[in-house]
Amino acid sequence: MKTGRVMLVGAVGSGKTTLARVLNKEEAGAVKKTQAMEYSASSIDTPGEYVENPSYYRALFATSLEADAVVFIQDATRNRSIFPPGFAGAFAKPTFGVVTKIDHAQADVDRAREFLKSIGLSGGIHAVSAFTGAGMEDLRKILNWDESFEGR
Ligand SMILES: Nc1nc2c(ncn2[C@@H]2O[C@H](COP(=O)(O)OP(=O)(O)OP(=O)(O)O)[C@@H](O)[C@H]2O)c(=O)[nH]1
Ligand SMILES: [Mg+2]
């Protein structure tokens with residue numbers, strides 16, 4: 001089965017919107033802060049505030065029903081995780097982890113992987129840089145990304 005649409009969940013500034021653009025083979029460029037759920041054919045981009053504030057969890061669970069998979073984003077430069085333990089298990093969809101910003105001088109990919117392991121993903125963890133493109137082709141393969149969605 002192709003992954004029709006992925007929902008991206010992660011802290012404020014973790015790189016969700018930039019990742020969505022690069023998955024779609026758009027320029028990483030300068031992105032604005034995400035203010036509300038943003039739907040496209042290929043992704044549902046969420047504001048970081050939603051996962052940083054438990055009163056929004058229900059909105060995330062409800063919106064995930066419109067996605068084929070949920071991708072949890074951990075910024076490799078952050079020394080903490082905002083996900084509660086086992087969080088991925090609360091979503092009734094396949095779940096994957098993505099470590100972002102691995103190009104950054106302060107990136108610690110192993111630490112980021114450990115954070116993601118504690119949330120109980122059903123799928124794998126993948127490390128990428130939206131800036132250099134490192135890992136992006138592999139990520140498309142892991143998500144079984146449907147190329148027909150690109151640019152939509
Ligand atoms: N070094 C590096 N910086 C990145 C990368 N991806 C994103 N960034 C930077 O991280 C910052 C936040 O990126 P966004 O894509 O806006 O993050 P977001 O998760 O959508 O943030 P919210 O919309 O506020 O929840 C921006 O300054 C990006 O340029 C990357 O692969 N490498
Ligand atoms: Mg955003």
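Each value in this text was obtained by applying a stated rule to the coordinates, not by laboratory testing. Source: prediction; values computed, not measured. Positions of Cβ are generated from backbone atoms using ideal geometry, with glycine treated the same way; all protein chains shown enter the neighbour counts.
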So Val6 ticks every box in (1) within 13 Å of ligand 2 (Cβ to nearest atom); (2) of a type in the set (Val, Ile, Thr); (3) closer than 21 Å to Asn144 by Cβ but one. Which box is left unticked? (1)
Taking the stated definitions as given, is Phe72 buried (at least 23 other Cβ atoms within 10 Å of the Cβ) and away from ligand 2 (no atom under 14 Å from the Cβ)? yes
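Does region 102-119 include one or more residues that are assigned to a loop (DSSP other than H, G, I, E, B), among the hydroxyl-bearing types (Ser, Thr, Tyr) and under 19 Å from Gly15 (Cα atoms)? Spell out how you get there, then give the answer.
To start, the set of residues in region 102-119 that are assigned to a loop (DSSP other than H, G, I, E, B) comprises 102-108, 118-119.
From what is left, the residues that are among the hydroxyl-bearing types (Ser, Thr, Tyr) are 118.
Next, only the ones that are under 19 Å from Gly15 (Cα atoms) stay: none.
No, the conditions are met nowhere in region 102-119.
Quick one: is Ser129 out of contact with any His (no Cβ under 7 Å at 6 or more places or on another chain) and within 24 Å of Ala41 (Cβ to Cβ)? If you could, list the steps in order and put the result at the bottom.
Working: out of contact with any His (no Cβ under 7 Å at 6 or more places or on another chain): yes; within 24 Å of Ala41 (Cβ to Cβ): no.
Taking the combined requirement at face value, the residue does not satisfy it.
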Could we say that Lys33 is without any contact (Cβ under 8 Å) to a residue 60 or more places away in the chain and within 16 Å of ligand 2 (Cβ to nearest atom) here? yes
Is it the case that Val31 is part of a helix (DSSP H, G or I), of a type in the set (Val, Ile, Thr) and surrounded by 14 or more Cβ atoms within 10 Å (Cβ to Cβ)? no
Of the listed residues (Ser55, Ser40, Ser64), the one being out of contact with any Asp or Glu (no Cβ under 9 Å at 6 or more places or on another chain), within 14 Å of Gly10 (Cβ to Cβ) and either away from ligand 1 (no atom under 15 Å from the Cβ) or not β-branched (Val, Ile, Thr) (or both) is Ser64
